[in-house]
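Novice: Structure in structure tokens, see below.
The values are calculated or read from the model by the stated rules, or taken from the named source; none is laboratory data. Remember, it's a predicted structure, so these values are computed and weren't measured experimentally. Glycine gets a Cβ as well: all are built from the backbone with ideal geometry, and neighbour counts include every protein chain shown. Surface accessibility is based on the protein's heavy atoms, side chains included, excluding ligands, DNA and RNA. Shrake-Rupley method; radii C 1.70, N 1.55, O 1.52, S 1.80 Å.
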Amino acid sequence: MGYRSKRYRRSAEKKKPDPVPIPEAVATLKKFDGAKFDETVELSLKLGIDPKQSNQAVRGSFSLPHGIGKTVKVIVFAEGEAAQKAKQAGAIEVGGEDLAKKILDGWLDFDVAIAHPGMMRHVGKLGRVLGPHGKMPSPKSGTVTDDIGRVVQEFVAGKIEFRNDDTGNLHVVMGKKSFPPEKLAANVMAFLDHVRTLKPPSSKGLFLQKACLSSTMSPGIPVTVS
């Protein structure tokens, strides 16, 4: 077992070993000894899927009721009127072939990439760079769209993207530890309700198997999902 700080061990003593309702999990998290910065709160889910089967992938985007507590850096592949709308909506970079080259040259200082369908000729070549970082525009995640202005606004305000990892888990930001407990709980409840609608038809058995809530420096708190 690796080294755990005194703060972590003190926090671990305050949590129950069994899953607890979301409001109780949030209340416990708020009681943990905090770091010197506003920690990010994350929800981790174990899904009943076979991650090796493409038809069982769970991915998408979702607007949390109370955002995630930070402004998201959004770039957009667009031109003409769509490019203008992207800039007005708060995109930090807008372009086409020039933006693709900048990324191929190593620039990745952004959180979300959005593309107009007409720009996929430039975006397609970025899969090997953006894919491993979870930043590749995709119709399934809502980041390839004609409605550039609205989608950029949503992501800048804190809309989240999610995708299961190679072990069938989801790890999703739920906000900041400084959020009022009722807002954190509302974010978690809303996201869980959304995920329940995404069970792949080919997935058998229990879909939401386990859930755990944690902050950047804290132990995880098992959460009731049934």
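Novice: Against the definition (in contact (Cβ under 8 Å) with a residue 24 or more places away in the chain and over 24 Å from the mean Cα position of the chain (by Cα)), how does Gly96 come out, yes or no?
Specialist: yes
Novice: Of the residues Lys210, Lys204, which is over 30 Å from Ala83 (Cα atoms), under 19 Å from the mean Cα position of the chain (by Cα) and open to solvent by 30 Å² or more (accessible area, probe 1.4 Å)?
Specialist: Working: Lys204 fails: under 19 Å from the mean Cα position of the chain (by Cα).
Just a single option satisfies the conditions, and that option is Lys210.
Novice: Within the stretch 110-126, which residues are surrounded by 23 or more Cβ atoms within 10 Å (Cβ to Cβ) and of a type in the set (Gly, Ala, Ser)?
Specialist: Ala113, Ala115 - these are the residues of the stretch 110-126 that are surrounded by 23 or more Cβ atoms within 10 Å (Cβ to Cβ) and of a type in the set (Gly, Ala, Ser).
Novice: Now for a different question. Residues to consider are Lys101, Lys85; find the one that is in contact (Cβ under 8 Å) with a residue 12 or more places away in the chain, of a type in the set (D, E, K, R), over 30 Å from Leu206 (Cα atoms) and open to solvent by 40 Å² or more (accessible area, probe 1.4 Å). Explain how you work it out, then say what you get.
Specialist: Values: Lys101 fails: in contact (Cβ under 8 Å) with a residue 12 or more places away in the chain.
Just one listed residue meets the conditions, Lys85.
Novice: Six or more apart or on different chains, Cβ atoms under 8 Å: show the pairs whose first residue is in the stretch 131-154 and more than 19 Å from Gly90 (Cβ to Cβ) and whose second is aliphatic (A, V, I, L, M).
Specialist: Short answer, once both residue conditions are applied: His133/Leu108; Met136/Ala113; Met136/Val123; Met136/Leu126; Met136/Leu130; Ser138/Val144.
Condition check ((1) under 18 Å from the mean Cα position of the chain (by Cα); (2) in a loop (DSSP other than H, G, I, E, B); (3) at pLDDT 95 or above; (4) of a type in the set (S, T, N, Q)) across all residues:
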{"position": "Asp33", "(1), (2), (3), (4)": "no, yes, no, no"}
{"position": "Gly60", "(1), (2), (3), (4)": "yes, no, no, no"}
{"position": "Glu81", "(1), (2), (3), (4)": "no, no, yes, no"}
{"position": "Lys101", "(1), (2), (3), (4)": "no, no, yes, no"}
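Novice: Tell me, please, whether a residue that is more than 19 Å from the chain's Cα centre (by Cα) and surrounded by fewer than 20 Cβ atoms within 10 Å (Cβ to Cβ) can be found in the stretch 62-75.
Specialist: Kept after step one, since they are more than 19 Å from the chain's Cα centre (by Cα), are these residues of the stretch 62-75: none.
Within the stretch 62-75 (the criterion being more than 19 Å from the chain's Cα centre (by Cα) and surrounded by fewer than 20 Cβ atoms within 10 Å (Cβ to Cβ)), the answer is no, since none of the residues qualifies.
Novice: Right, here's the next one. Answer with yes or no whether Pro137 is in a loop (DSSP other than H, G, I, E, B), crowded, with 20+ Cβ neighbours inside 10 Å and not polar (S, T, N, Q).
Specialist: yes
Novice: When both residues are 6+ apart or on different chains and their Cβ atoms are under 6 Å apart, which pairs have a first residue that lies in the stretch 193-208 and is on the phi > 0 side of the Ramachandran plot, and a second that is not hydroxyl-bearing (Ser, Thr, Tyr)?
Specialist: Hits for this filter: Gly205/Gly48.
Novice: Further question: Only one of Gly48, Gly106, Gly80 is surrounded by fewer than 18 Cβ atoms within 10 Å (Cβ to Cβ), of a type outside the set (Ser, Thr, Tyr) and in contact with a strand residue (DSSP E or B) (Cβ under 7 Å, 6 or more places away or on another chain); which?
Specialist: Answer to the check: Gly48.
Novice: Quick check on the stretch 171-226: of everything there that is aliphatic (A, V, I, L, M), assigned to a helix (DSSP H, G or I) and touching a strand residue (DSSP E or B) at 6+ places or on another chain (Cβ under 6 Å), which residue is farthest from Thr40 (Cα to Cα)?
Specialist: Going through the qualifying residues, I end up with Val188.
Novice: Of all the residues that make up the stretch 195-214, how many are at pLDDT 95 or above, farther than 11 Å from Leu170 by Cβ and small (Gly, Ala, Ser)?
Specialist: Looking only at that region, the number is 1.
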